[in-house]
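Everything below concerns the one structure shown next.
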Amino acid sequence: MTPEPPEATLTADLTAALSSGDEFISFDEIRRLIGADEPVASLKEFTGIRSLGSGGLGTVHAASERVLKREIAIKVLRPSFRCRRRPVGRIVREAIVTAQIEHPNIVPVHAMGVLDDVGVYFTMKKVSGETLQQVLEKLAADDRGYRERYPASRLLEIFISVCQGMAYAHSKGVIHRDLKPSNIMLGEYGEVMVMDWGLVKFEGEVEVADKFGVYSETHGEKMLTLDGTIAGTPLFMSPEQAAGRAAEVDQRSDVYGLGVILYDILTYRQSPFRDDDSVNDILRRVVRGDFPPPCKAASHHVPRELEAICLKAMQRDRAQRYATVLDLVKDIRCYIEGYPVGAYRAPLYYRFRRFCGRNRVVTSTVLVAMLTLIAYFSVSSLYDHLEYVSYLKAAELNAESADQARMQAYMLFRNLRSSENRGSVMGKTVSERRQESRLKLYKGMFENRYNMALFFYSKIEKMRSDDANVRKGISDIFKKLLEYALLTKNNDDMAKIDELIRMRVRNLNYLDDDARAVYFRAKLRLNNRGMLQLQWHGGGEVELFKASSQGGGTVAVRRGTSPLQEDNLLGGTYLAVLRNPEGQLVR
């Protein structure tokens, strides 16, 4: 690729900006606004430049850095947008926001700046592979090789990876708004990356709706992103986006987009809506929710649970969708692991068959005992008991898996803390950075698994309001979460767990004694208070003084005999004076 001459680019940009009514902005002004001190003056400073593709506003090129020899992707604006204020603001915003949400399933941004020949740009990791849309097109064409490489189980794994990336973005207050299979990149070595954050929105942001512009209705352009009052891709946008209700766009709009992607995975179609309709017809169908269910759109069998999950995510009413992406992931995992999903109330015989499929050993034992049990239980009561056993086992297995990940996380935390104490002139080593990444992975793993265990315990609570196993399991989970937060001295985690406990349990007496003791320790730490025990072997007198905050002197706090214990001591500096019966004194 040969970059355009700067003079020609500036002339074209200025002409386009003036003709569109958009405000013209120079490259120097862009540099000043973003604080760029650009060592690379021209796109020619990169080697091996070649085009990867174009979108509504920008183009992406592959290139190699001269010094690091690293393969990267470079995103720049199209020539007619490079000196127009709004498009420049869009690409700057995309780069900055994407750089804040570092996650294994979100493409990382490396650098941003302004070049003399192409204007503002940013570089990111180059992901070699193909898009999910290309994979689905091969599957729709019944490509045998792709059918073997991408069975249903692998497609669901890809979908969960996309959801995990979006859940992390949502935790940072970032909404994608343009989720679709063509924005999901599948790498050659199992990478799954959510791409193209050009329509990114921060939650709570007030958007000014632009006037809807002229839009061509050719088949190819219906897959391009609209830029105006209606922000998104018509075939994949949520009803609130299609209706132009920008203020209503939130996390649940991305949940809808994920539902459309799941629809495509289940049916191998590009969209639930017909792409031979006009744009206005597509938007009307989106707003009405006028599309066939997956089972009718697909030429193959679609599991009823997955169809129900998909349709729940794609509800017209935002309040009827999954509240968060993690709730969507929970139902997908329940389906994969053979447990009932919240979106689908299966018939009794079907649930019993699924139970038997995931618990073969238990089922064999139950069948042997069924002739005895049938005299005491009806078929429905028997199923309820089996469902109770399956939920309890699922909760216990998730809790055990979480315990293992928690131990791994704490070992890594101790290693990193030891490294910090030793100090390093050169900064963090490669090994320490890897350990930090693994620590985040294990921490997320045990938090997710504990949440899954709590989810199954809540299922049991609906069946049995005060079950001893559930109470013990919930107490253990909260105790272990608080213990980890106390050991790592993470007050933010303690505050979140405290809030979760108050939301989750009726009162603190629901927790067992061990869990309550750890809870009160955490509360003391959050309130800058703690416990202190002073003991002089053989008995004796004990006096405790607190250093005055006014500068000099002490104030008596407590006097007594050994052992002396204070359970609610305010943080600060203290002096302890211990005297044994022989008169020996220790200060």
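Quickly run through region 35-92 and pick out the residues that are at pLDDT below 80 and in contact with a Ser or Thr (Cβ under 7 Å, 6 or more places away or on another chain). Residues satisfying the conditions are G55, G56. Pairs are defined by a Cβ separation below 9 Å, a sequence spacing of at least 6 or placement on different chains, a first member in region 519-544 that is in contact (Cβ under 8 Å) with a residue 40 or more places away in the chain, and a second member that is open to solvent by 70 Å² or more (accessible area, probe 1.4 Å) and of a type in the set (A, V, I, L, M); the pairs so defined are L524/M531; N528/L570; R529/L570; G530/L570. The residues on offer are V118, V97, and the sole one that is among the β-branched types (V, I, T), more than 29 Å from Y189 (Cβ to Cβ), touching a residue at least 24 places away in the same chain (Cβ under 8 Å) and open to solvent by less than 20 Å² (accessible area, probe 1.4 Å) is V118. What are the residues in region 121-154 that are assigned to a loop (DSSP other than H, G, I, E, B) and in contact (Cβ under 8 Å) with a residue 40 or more places away in the chain, if any? Across region 121-154, the qualifying residues are K126, V127, S128.
A single member of I460, I474 is of a type in the set (V, I, T), open to solvent by less than 80 Å² (accessible area, probe 1.4 Å) and closer than 30 Å to N415 by Cα, and it is I474. Residues in region 252-295 that are assigned to a helix (DSSP H, G or I), within 30 Å of the chain's Cα centre (by Cα) and polar (S, T, N, Q) were compared, and the one that is farthest from M193 (Cα to Cα) is T267. Answer yes if at least one residue in region 245-260 is touching a residue at least 12 places away in the same chain (Cβ under 8 Å), under 17 Å from Q134 (Cβ atoms), among the charged types (D, E, K, R) and open to solvent by less than 50 Å² (accessible area, probe 1.4 Å), and no otherwise. No: zero hits.
For region 542-560, the criterion of being part of a loop (DSSP other than H, G, I, E, B), more than 21 Å from E483 (Cα to Cα), touching a Leu at 6+ places or on another chain (Cβ under 7 Å) and of a type outside the set (D, E) is met by no residue. Filtered by the rule that a residue be in contact (Cβ under 8 Å) with a residue 40 or more places away in the chain and of a type in the set (A, V, I, L, M, F, W, C), region 403-420 gives A405, A409, F413. Within region 417-436, being of a type outside the set (D, E), modelled with pLDDT of 80 or more and surrounded by 14 or more Cβ atoms within 10 Å (Cβ to Cβ) holds for one residue alone: Q435.
The values are calculated or read from the model by the stated rules, or taken from the named source; none is laboratory data. Quick caveat: nothing in here was measured; it's all calculated off a predicted structure. FYI the Cβ positions are ideal-geometry reconstructions off the backbone, even for glycines, and counts take in every protein chain you see. Please note that ligands, DNA and RNA were not included when accessible areas were found on the heavy atoms of the full protein model with its side chains. Shrake-Rupley method; radii C 1.70, N 1.55, O 1.52, S 1.80 Å.
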